[in-house]
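The values are calculated or read from the model by the stated rules, or taken from the named source; none is laboratory data. Since we're looking at a predicted model, the values are computed, not measured. A quick note on method: Cβ atoms are made from the backbone with ideal geometry, for glycine too, and the neighbour counts reach across all protein chains shown. Just the protein is used for accessible areas: all its heavy atoms, side chains included, with ligands, DNA and RNA removed. Shrake-Rupley method; radii C 1.70, N 1.55, O 1.52, S 1.80 Å.
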Amino acid sequence: GQLPTWLQGILLRNGPGMHTIGDTKYNHWFDGLALLHSFTFKNGEVHYRSKYLRSDTYNCNVEANRIVVSEFGTMAYPDPCKNIFAKAFCYLSHTIPEFTDNCLINIMKVGGDFYATSETNFIRKINPHTLDTLDKVDYNKYVAVNVTTSHPHYDSAGNILNMGTSIVDKGKTKYVLFKIPSSVPEQEKKKSCFKHLEVVCSIPSRSLLHPSYYHSFGITENYIIFVEQPFRLDILKMATAYIRGVTWASCLAFSKDDKTWFHFVDRKTKKEVPTKFYTDAMVFFHHVNAYEEDGHIVFDIIAYTDNSLYDMFYLKNMNKDFEENIKLTSIPTCRRFVVPLQFDKDAGVGCNLVTLPSTATAVKEKDGNIYCQPEILCEGIELPRINYDYNGKKHKYVFATEVKWSPVPTKIAKFNTQTKEMLHWGGEDCWPSEPIFVPSPDAKEEDDGVVLCCVVRTDPQKAPFLLVLDAKTFTELGRATVDVEMHLDLHGMFIPQQDLKTETE
């Protein structure tokens with residue numbers, strides 16, 4: 001095929017790559033050692049490269065020729081000959097364990113630099129041209145957080161907003177929203193952007209010992225949206241996981257009879273909206289987008305009715321019959337919540353306060369709380385992406401993978417949130433990963449551009465490839481075939497040529 005001449009830059013992808021070290025194996029697919037991939041677009045050609053992230057975790061494991069650093073679903077025991085006293089001492093000094101720097105989930109841009117990220121307090125700087133691993137950054141040196149999201153937001157000035165959970169602060173568990181500036185003042189050029197990190201605000205956890213797990217958060221022009229779901233980490237269990245010989249993943253529990261609480265923080269005043277909004281128990285990982293309209297906040301998420309998704313990816317389940325045997329017990333649904341921030345304070349109990357045209361409701365209860373029910377936009381999509389120029393604004397299109405009842409994507413989809421129409425791309429033996437939208441330089445409409453997607457093949461005789469689709473029509477413009485084994489990845493980003501430093505910088 002033919003690539004548009006304007007498509008110049010690097011697509012960076014990240015995900016688990018190595019699951020066996022020596023005689024040891026990880027238990028879970030999300031534990032594998034990070035493998036970075038890049039596709040460089042230059043003058044109509046595509047160059048592929050991949051390299052393992054040379055994290056401390058990678059180096060320790062490879063040197064020992066076995067897994068010595070614990071991951072979320074795999075507990076490692078570095079020294080099997082330690083006696084029980086040494087173990088107990090080790091446990092006391094690791095109430096909150098030293099987390100891994102196996103940053104395998106996403107790529108984040110900070111100023112002109114790029115970092116591989118996961119959900120611990122460590123991120124690793126990488127060179128986008130060579131995929132070499134550079135500095136290790138510990139968020140903890142700049143803000144008291146133990147876990148963070150891998151889905152930060154960027155404002156129009158390029159500043160980063162992200163969230164993390166602070167567990168250690170005198171039993172006051174809280175969710176911390178922080179901002180990393182995209183540049184530092186001229187006179188402090190030698191200092192990193194992280195030294196200028198500022199805490200925007202914090203939200204106390206409803207349960208001090210059971211903070212909510214979250215993978216992303218939402219943002220509009222004036223508000224931050226944090227969804228506190230009843231899918232929670234048990235801190236005491238986590239602190240004793242090592243000594244009990246269980247994984248951290250076993251310290252996560254979903255309470256299906258609990259509520260899911262919505263928090264809205266005003267970005268100007270840094271204060272939370274006092275009205276309490278909630279919905280039924282659910283588990284979700286990805287926000288799609290959010291925006292404000294006529295005194296309401298509208299936000300879309302991909303949600304499940306249980307937490308079976310994580311369990312699917314234990315490697316013991318991932319055998320040759322994976323597709324046939326593994327069925328989700330809850331199909332992912334794209335849910336739109338419409339939350340009235342300005343409403344008639346004299347409205348009666350039982351009144352639906354939503355005045356926008358939507359089947360979503362927000363009903364006032366006698367204690368003053370507001371119970372929200374979503375509009376179901378569509379079913380069976382995951383790994384949603386939008387045209388990021390519309391982040392926090394009213395959007396029309398969502399690009400996503402299609403999963404239906406199997407957790408493995410078989411197609412990619414373009415969903416129109418207004419007409420509910422869906423376009424698909426799929427191929428025989430194809431497992432596509434998260435699709436990324438790249439706008440064309442002279443874009444007039446939201447879907448002017450291309451969609452890039454890495455596709456791995458279930459048939460070992462067929463080579464994986466990078467797919468380039470016209471985002472408007474969802475027709476294939478071209479594909480770049482890769483003659484090496486490629487792995488299904490998780491997330492990534494496209495870096496336009498103008499945002500890349502030269503290789504020597």
Within the range 373-393, identify whether any single residue is of a type in the set (Val, Ile, Thr), surrounded by 15 or more Cβ atoms within 10 Å (Cβ to Cβ) and under 25 Å from Asp306 (Cβ atoms), and answer yes or no. yes
Can you find, within the range 430-454, the residue that is surrounded by the fewest Cβ atoms within 10 Å (Cβ to Cβ) among those that are in a strand (DSSP E or B) and without any contact (Cβ under 8 Å) to a residue 40 or more places away in the chain? Cys430
Looking at the structure I just gave you, is Lys25 open to solvent by 30 Å² or more (accessible area, probe 1.4 Å), within 30 Å of Gln498 (Cβ to Cβ) and in contact (Cβ under 8 Å) with a residue 24 or more places away in the chain? no
Can you tell me which of (1) of a type in the set (Asp, Glu); (2) open to solvent by 10 Å² or more (accessible area, probe 1.4 Å); (3) not in a loop (DSSP other than H, G, I, E, B) is the one Asp300 doesn't meet? (2)
I'm checking my understanding of the structure. Among residues of the range 87-129 that are among the β-branched types (Val, Ile, Thr) and open to solvent by 30 Å² or more (accessible area, probe 1.4 Å), which one is modelled with the lowest pLDDT? Thr95
Being in contact with an Asp or Glu (Cβ under 9 Å, 6 or more places away or on another chain), among the aliphatic types (A, V, I, L, M) and surrounded by fewer than 15 Cβ atoms within 10 Å (Cβ to Cβ) is the filter here; which residues of the range 332-355 pass it? Val349
For the range 382-395 the number of residues that are farther than 22 Å from Asn317 by Cα and in contact with a strand residue (DSSP E or B) (Cβ under 6 Å, 6 or more places away or on another chain) is 8
Return yes when Glu445 is more than 23 Å from the chain's Cα centre (by Cα), farther than 30 Å from Ser182 by Cβ and of a type in the set (Asp, Glu) and no when it is not. no
So which residues in the range 234-261 are of a type in the set (Gly, Ala, Ser), open to solvent by 30 Å² or more (accessible area, probe 1.4 Å) and within 21 Å of the chain's Cα centre (by Cα), if there are any at all? Ser250, Ala253
Of everything in the range 455-472, what is without any contact (Cβ under 8 Å) to a residue 24 or more places away in the chain, closer than 21 Å to Gln2 by Cα and open to solvent by 40 Å² or more (accessible area, probe 1.4 Å)? Give them in sequence order. Asp470
Considering only the range 184-215, how many residues are out of contact with any His (no Cβ under 9 Å at 6 or more places or on another chain) and loosely packed, with under 15 Cβ neighbours inside 10 Å? 9
Of the conditions (1) closer than 26 Å to Glu292 by Cα; (2) modelled with pLDDT of 90 or more, Ala157 satisfies every one except a single condition; which number is it? (2)
Contacts under 8 angstrom Cβ, first residue in the range 180-193 being of a type in the set (Phe, Trp, Tyr), partner surrounded by 10 or more Cβ atoms within 10 Å (Cβ to Cβ) and assigned to a helix (DSSP H, G or I), 6 or more apart: none
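Conditions (1) in contact with a helix residue (DSSP H, G or I) (Cβ under 8 Å, 6 or more places away or on another chain); (2) of a type in the set (A, V, I, L, M, F, W, C), marked per residue:
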{"position": "Ile225", "(1), (2)": "no, yes"}
{"position": "Asp234", "(1), (2)": "yes, no"}
{"position": "Lys259", "(1), (2)": "no, no"}
{"position": "Thr279", "(1), (2)": "no, no"}
{"position": "Tyr304", "(1), (2)": "no, no"}
{"position": "Tyr310", "(1), (2)": "yes, no"}
